[in-house]
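In what follows, a structure is listed as structure tokens, so that the remarks can point back to it.
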Amino acid sequence: MLRHRTAALIVAAGSGTRAGGGVPKQFAAVAGRPLVAHAFAALAGHVDELVVVIGPGQSALARSALGADVRLVEGGPTRRGSVANGLAALSADVERVLVHDAARPFLSPAVIARVLAALDDHDGATPVLAVADTLVRGDALLGEAVPRAGLYRVQTPQGFRVNVLRAAHAGWPADEEATDDAQMVRRLGGRVALVQGDAMLDKITYPDDFAAAEARVAWESRSASGFDVHRLEAGEELWLGGVLIPHDRGLSGHSDADVVLHALTDAVLGTIAAGDIGTHFPPSDPQWRGAASDQFLAHAAKLVADKGGRIDFVDLTILCEAPKIGPHRAAMVARIADILNLTPDRVSVKATTTERLGFTGREEGIAAQAIATISLPRVGRGGQA
């Protein structure tokens, strides 16, 4: 089958004033991520190039939500102008384009596939949902019912052959606004297919819509464990749980050898199947010599956050004969909670001895084991979170 080069435009140029909050709605969070980040992640694996159309002065917000290398285009004063600016930025060899509203975050691969498939024999395609509610005319009093047959709610992404959409924009009256791109193509003679949409694609416009969107998200709970051990040696500092502890010996390692934070870092990485601490911070790399281990844990936490996840609880057990952990437990809890942006009641630090058995019993080293529990959003049926 002939493959067509495809691009996507995410329209994220609005001010989002109706949604309230301190930032435009496309940059407000739902299910652990900004709205535009959900849309970006959903489309990224299905297109050859991806352009995000933003409003004036929004580049910092967009790069914070999507990364420094995202391709941004400044939009126009209207949605039509914003799409036109996005079209102008596409590569010359793009044949098909998906135009998607950032305010519809929960986009499934199935909807994308249906829209693209319809472009094989149509100029455009749009996902729709049949109207289920009774429709009536009226003002203060109930009027006549409106037949629902043949009525649909239009969603995005709308897909088009690029040359057709460009012609529709070029031929549209300058003094008239369009409800969406599909209507522009249809009015100028293009054939636009209707494909099955998804209730998860409901648009977020008002403050209450954010709560409704959160309610549609199913959260998956994951737990993973971590374990680490380091040798005690004279002349080294003893760092445990991000706290410097007075002792006659410290732990030896390539970094600061904080066995507690190392075990916890591995546990957090395990919850998202992201390897272990050595994968991300190899001991062969000289830049990590003597490094503070809090940055390792913060990195693991960011990877969870980048997936829209949240860390719910961490539990640690320190295995050593000395020093006594009790006097330092509160400081460790506070430091770990600070690194992970958790309240202290979500951090458990315990300690035990091994009854003088083994290397910890002989005070040759200290070991730590950790368990981290996180929640990851799962939206739609096989969709992107």
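List of remarks:
- Search result, residues across the range 29-69 that are more than 25 Å from Val94 (Cβ to Cβ) and at pLDDT below 90: Ala29, Val30, Ala31, Gly32, Arg33
- The residues in the range 120-143 that are over 28 Å from Arg191 (Cα atoms), out of contact with any Leu (no Cβ under 7 Å at 6 or more places or on another chain) and of a type in the set (A, V, I, L, M) can be counted, and the count is 3.
- Residue pairs meeting the criteria (Cβ under 8 Å; at least 6 apart or on separate chains; first not assigned by TED's automatic domain parsing to the domain that holds Ala89, in the range 165-179; second surrounded by 10 or more Cβ atoms within 10 Å (Cβ to Cβ) and not β-branched (Val, Ile, Thr)): none
- Some residue of the range 107-119 being under 19 Å from Asp181 (Cβ atoms), modelled with pLDDT of 95 or more, in contact with a Leu (Cβ under 9 Å, 6 or more places away or on another chain) and not hydrophobic (A, V, I, L, M, F, W, C): no
- Listed by first and then second residue, the pairs with beta-carbon distance under 9 Å, at least 6 apart or on different chains, first residue in the range 258-286 and surrounded by fewer than 24 Cβ atoms within 10 Å (Cβ to Cβ), second outside any loop (DSSP other than H, G, I, E, B) and β-branched (Val, Ile, Thr), are Ile272/Val304; Ile272/Ile374; Ala274/Val268; Ala274/Val304; Asp276/Thr265; His280/Thr265; Phe281/Thr265.
- Residue within the range 18-26 that is of a type in the set (D, E, K, R) and modelled with pLDDT under 95 present: yes
- Among the residues making up the range 111-149, a single one is part of a strand (DSSP E or B) and of a type in the set (Lys, Arg): Arg137.
- Here Thr279 meets the list (1) under 30 Å from Ser375 (Cα atoms); (2) outside any loop (DSSP other than H, G, I, E, B); (3) touching an Asp or Glu at 6+ places or on another chain (Cβ under 9 Å) almost entirely, failing just condition (3).
- Members of the range 265-280 found to be at pLDDT 95 or above and of a type in the set (Ser, Thr, Tyr), listed by number: Thr265, Thr271
The values are calculated or read from the model by the stated rules, or taken from the named source; none is laboratory data. None of these values were measured; they are calculated from a predicted model. Note that we place each Cβ from the backbone using ideal geometry, even for glycine, and neighbour counts take in every protein chain shown.
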